[in-house]
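Notes follow the structure.
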Amino acid sequence: MFHSLKSMAGLTVTALLALPTHGVAEVAEIEHVRLQEPCNGKSGLAIVSYSWFEASTTPETEHIFSDLCLDFDAMKVFSVENSDELRPAYQAPGQMTYHSNPPGYPDRYQEVVTLSNDILFHHDDEGMEEVVNLPRPEATGVLSTFTWVKGAEARPLDRIGLATAWLRGYVGGEPLQNKRQAGRYFGSVAENMLGTKQTDSELSGLGFYMGSEVVVTGGSAEVHLRSPAQVAAVRDATATMMLDFEGDEITGSGTFQAENALLSPTTDRVWKHFDLETAGVTGKLTGEDGNHMYVLVIWEGTYTDFAGDSYPANSVMTFNAMRQE
């Protein structure tokens, strides 16, 4: 594995060459774009998924990591993709949404930024309970999930064409102040979306809930995510990760597999099994005592259809967990 650094428009780009995955998906190159300037607002991390459209072809998707800053004074997002000026559009319990209006089109919005902290919960013997009286997602110190959709501009630099960029991750949260403590967490995936270029696979756009208890011991933790039995689309879906902690930074590795719940599909081109490995893992511990972790994962590998043929597949996943008392 090698690391290379280069500057791009005030950003630092770290390129990671991942270990080979299975079958026809041999090498994944994941970049992490880091902000060089201090963040005047809420800082965070995101997976940026680019969908590039070319004539007579299906969209080609690639993923990178990017630091981001949500600046409420400038009302802009700064990352590998910078936003137009945003305005508050509407508010719901635990959620704020912002739009931008392109010049000359005052009645249309071009970009949509959504902050949400209604996914945060605690877990007890009776199961999950939603947190009541949620603070506003843009409040100081509040950890919020972050999504942003826009027309792509910056990455990759050697591509020309029509594209969209979808950023998914988190912003905010109190910084870790004390020494990291061992403990038990419970969490779930906030984002879980699979994809492939094969349009008849019925794999692209597949997403489903997964949850896990996480036990942190020393500088590491094991995560064994499983989907509940009532998920109809898949069976035997498991994602296993080994997370490593260095201060408040999280890295790691793992595998992600599932079987199609269908026994007799209408065509043998439908996916039957996927087998993915981590191409990139990054995350953060937040809270004074590290009470919350947020992990972003890019998976790459292959899926096998009912005809026995294998094709490249990928997935993005964001996982958040809170310490249990």
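Step by step: first the residues of region 197-220, then only those that are open to solvent by 10 Å² or more (accessible area, probe 1.4 Å) and β-branched (V, I, T), then the one that is farthest from V316 (Cα to Cα). Which residue is that?
Taking region 197-220 first, the residues open to solvent by 10 Å² or more (accessible area, probe 1.4 Å) are 197-200, 202, 204-209, 211, 213, 215, 217-220.
Now narrow it down to the ones that are β-branched (V, I, T): 199, 215, 217.
Working: T199: 18, V215: 23, T217: 26 Å.
The extreme case among them is T217.
Filter region 64-95 down to residues that are assigned to a strand (DSSP E or B) and open to solvent by less than 10 Å² (accessible area, probe 1.4 Å) and give me whichever is nearest to E138 (Cα to Cα). Steps first, answer last, please.
Going through region 64-95, the residues assigned to a strand (DSSP E or B) turn out to be 64-71, 76-78, 87-92, 95.
Okay, now just the ones that are also open to solvent by less than 10 Å² (accessible area, probe 1.4 Å), so 65-66, 68-70, 77.
Values: F65: 22, S66: 20, L68: 15, C69: 12, L70: 9, V77: 13 Å.
This residue is L70.
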Looking at region 14-48 only, could you name the residues that are in a loop (DSSP other than H, G, I, E, B), modelled with pLDDT of 85 or more and open to solvent by less than 60 Å² (accessible area, probe 1.4 Å)? C39, G41
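Being out of contact with any Phe, Trp or Tyr (no Cβ under 7 Å at 6 or more places or on another chain) and either at pLDDT 95 or above or not aromatic (F, W, Y) (or both) is the filter here, so list the residues in region 49-67 that pass it. Explain how you work it out, then say what you get.
To start, the set of residues in region 49-67 that are out of contact with any Phe, Trp or Tyr (no Cβ under 7 Å at 6 or more places or on another chain) comprises 50-58, 63-67.
Across region 49-67, the qualifying residues are S51, E54, A55, S56, T57, T58, H63, I64, F65, S66, D67.
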Checked pairs for region 223-252, first under 15 Å from G290 (Cβ atoms), second buried (at least 17 other Cβ atoms within 10 Å of the Cβ) and among the aromatic types (F, W, Y), C-beta under 7 Å and 6 or more apart or across chains, list as none
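Based on what the data block shows, is G183 over 22 Å from R34 (Cβ atoms), small (G, A, S) and without any contact (Cβ under 8 Å) to a residue 24 or more places away in the chain?
Numbers: over 22 Å from R34 (Cβ atoms): yes; small (G, A, S): yes; without any contact (Cβ under 8 Å) to a residue 24 or more places away in the chain: no.
Against the criterion (over 22 Å from R34 (Cβ atoms), small (G, A, S) and without any contact (Cβ under 8 Å) to a residue 24 or more places away in the chain), G183 does not qualify.
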Residue check: is E153 in a loop (DSSP other than H, G, I, E, B), over 17 Å from the mean Cα position of the chain (by Cα) and over 20 Å from V316 (Cα atoms)? yes
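The values are calculated or read from the model by the stated rules, or taken from the named source; none is laboratory data. Predicted model, so just to flag it, every value in this text is computed and none were measured. Using ideal geometry, Cβ is built from the backbone for each residue, glycine included, and neighbour counts are taken over all protein chains shown. To get the accessible areas, we keep the full protein, side chains included, count just its heavy atoms, and leave off ligands, DNA and RNA. Shrake-Rupley method; radii C 1.70, N 1.55, O 1.52, S 1.80 Å.
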